[in-house]
Structures are given as structure tokens and as C-alpha cells.
Amino acid sequence: MVTADDISWFKRQFRTQIQAALPGTPFDVDMIVAIACQETGYIWSVLRKKDLPIERILALCVGDTIDFRGPGKGGRVAFPRNKDQLVAAPNGEAMFDIARKALVDMAAFIPGYKDAAANPKKFCHGFGVFQRDLQFFQVDPDYFLQRRYETFSDTLAQCLGELRRGLKKLGFETRTSLTDEDFAKVAIAYNTGGYNAAKGLKQGFFDGEKFYGERIFDYVTLSRSVESANGLAPGRYVVIARGGLKLRGGPGTSFDSEKTLPAGTELTVVETDSHDATWVRVDLEGDGLLDGYVFASFLAPAEQHAGGREDAPEPA
């Protein structure tokens, strides 16, 4: 079970990228964190304690090995029902090899998957922190074959796309904000493809204690109780704004822009502004001298950077 400490870690790693992707949506960071907790929290909460690099943790966030069990016996209904159906598809052999290796690699850290990994026909059906299902291999094979689910910005983009479809199913597409309960309803649509108002939050995957919708509501509540880190921790970061990030003379857009730092620029965050944690003071040369302030949401930790770029502008 994901704890408050786990959520605090997750926010420290990914809050800036999540914030940068949310403009124009009714979602907030805690809602997205809740999806990550429900989908793969049982994996990354373990891996974060193994002294693994962020990119390795992201690559190991895979799961779901349930196959079709036969008529009337339950199990997976969507493509691919089993190994045979997957390898029969175009590029299916290559995809099986990727999905099989992903399972074996992940099972080395997550004991609950060891039995599945011991079966040579078993493979993963869910990929990425937010678990995009392998059924989409038929329409978007490159996402899986190129293992784009290992990049946080890519898996987040897929998550937001599915959540937007959930908004539409519930008639919430014009909303500019959501209550936590309404978000849990959208999350149910994310998990199941629909929402039955008569069942409330008791819908979606049932883990033996609670339904998916109930878990999402609980995780949003827990995440809201966890203070985001007071700004970015000091260290090395990379600019992820596609159009570059303005270096300013002070913490805010009212201060003059001294230069624009191109996407991919590495810098050192020295401290977070004491009055506004969305702005950080930076050292560009690594010489201990301060060069100015940048907007923190468009920085990603250098160790996890995998080429993601964001198009959203600085706050007005």
C-alpha cells in the first residue's frame, strides 16, 4: 500500500512535469498522483528504496499478466488474450519479446510476479507509470515497440488523453475544475471505459477490499495531505520547455528577462524563493555564483531527463 512518504517521493520526482502538462485541463497534481498510486504504486513504492536511477524505475513500471482463461472462466477479453494472439499480430513477436523481458525484469524486484515470470508464455499487458494497456498495440504499435512508456512525459500524455476521454463520457468536458468525487468518476471511466451512476464509486477493478473508484478517492485525499516539497530540492536540473525558459532577475514575470535558456540546458538549482516556491534561484556555470531565477515547473531532474519537452508558457 502506498504511503504518504511514497507520495512525497513521487511528487519530488515528477511534480514539475505534471504541473507543466495540466494547463487547459480540470485536473490537478494530486489527481494525477492518485492515478499513479493506483496503477503502479505497488511497484514504484518498492523500487524507490532500491537505489535505482529514475529511468530504471520508470522502465520497470509494468504489470498485468492475466490471460484469457476460456469461455465462461473469466480473465482477459481484450487483445491480446494470450501469447498466441499477440505473436500472430504484425510485429507481435517483437512485442512479445519486449513484454516478456519487462515481466522478468520487474519480477526480480516484485516477488508477487515471480510465478508469472516462471511461465515462459506469460508477459505484461500494462506499460508505464499510468499503465497504458497493450490492447492499444494494434493502433499505436510504435509507443510500445519504441518503449516510449519508459519516458515519464510520454506515459503522462497517454494518461491525460485517456482522462480527457473519461471527461467526455461523463459530460464533464467543459469543466475547468472537478471535485475529488467527480475525478474519481472520471478515473472509473479511465479504468473501465464507462461509468454507471447507480453504482457510485464502487466500480472498476476490485482488489478484495475496495473498488478502483474508491481507491482513487482515497489516494487523492492522501495526496492532498502530503505537502509538496517546498520547491525543488537543490541539485542538477534540465530545462524541458520546448521554446526555452526565461532567466529573470527576480522571482516573477514582472522581473526583466535576461536571456532565454534553450531546452536541454543543464543548470544547478541553488534554492527556492522563500515567498514563491514556483520560482528557483539558479547557477548556470556550476561555479557557485547565482545567475538569476527561473520558473520551476519547466525543470526536470537531470537524472530522469529523457528528452521530454513541454509547450506550455510561463504563468502570466
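Quick note: the coordinates plus some simple rules give every number you see, no bench work behind them. Because the structure is predicted, anything quoted here is derived from the model rather than measured. All Cβ positions, even for glycine, are placed from backbone atoms using ideal geometry, and neighbour counts span all protein chains on display.
Between S8 and R236, residue separation times 0.36 nm minus the direct Cα-Cα distance comes to 80.2 nm.
Once each part is reduced to its C-alpha centroid, what is the distance from the stretch 209-228 to the stretch 54-116 in angstrom? Here the answer is 27 Å between Cα centres.
The simple spin-label model puts a point 7 Å past each Cα toward its Cβ; for D51 and S254 those points are separated by 4.8 nm. Springs join every pair of Cα atoms under 10 Å in this Gaussian network model of the chain, and among A88, A36, A20 the largest mean-square fluctuation is at A88. Given the -39500 (n - 2.57) contribution per DSSP H run of 4+ residues, what per-residue ellipticity at 222 nm results for the chain, rounded to the nearest 500 deg cm²/dmol? Computed ellipticity for the chain at 222 nm equals -11500 deg cm²/dmol. Given contacts defined as C-alpha pairs under 8 Å and at least six residues apart, what's the relative contact order of the chain, whole-number percent? Once normalised by length, the contact order is 18 percent.
The C-alpha atoms of the chain define a longest principal axis, and helix 212-225 lies at about 20 degrees to it.
Remark: for residue pairs K101/K121; K83/K169; K169/K202, the C-alpha separation exceeds 23 Å in K83/K169.
Compared with the dominant Cα axis of the chain, that is its longest principal axis, helix 152-169 is turned about 70°.
Please work out whether the stretch 1-127 counts as rounded, prolate or oblate from its C-alpha gyration tensor, where a ≥ b ≥ c are the square roots of the eigenvalues and a/c under 1.5 means rounded, while otherwise a/b larger than b/c means prolate and anything else oblate? Prolate. Applying a DSSP loop filter and a limit of 16 other Cβ atoms within 10 Å to the trypsin sites (Lys or Arg not before Pro) in the stretch 40-72 leaves R48, K49, K50, R69. Extending 7 Å from Cα along the Cβ direction at A277 and again at L289 yields two label points whose distance is 3.2 nm. In the elastic network of the chain, a GNM with C-alpha springs shorter than 10 Å, the most mobile of A277, A34, A102 is A277. Listed by chain and number, the aspartates and glutamates placed with their C-alpha closer than 13 angstrom to that of K168 are D182; residues fewer than eight positions away on the same chain are left out.
Cross-link partners of K49 among lysines, defined as those whose alpha carbon lies under 20 angstrom from its own and excluding same-chain residues fewer than eight positions apart: K11, K114.
Do any GluC sites (Glu not before Pro) in the stretch 118-212 lie in a loop, going by DSSP, with at most 11 other beta-carbon atoms within 10 Å of their beta carbon, and if so which? Here the GluC sites (Glu not before Pro) that fit, given the DSSP loop and packing criteria, are E209. Of the residues D30, D51, D154, which exhibits the maximal mean-square fluctuation in a Gaussian network model of the chain defined by a 10 Å Cα contact cut-off? It is D51.
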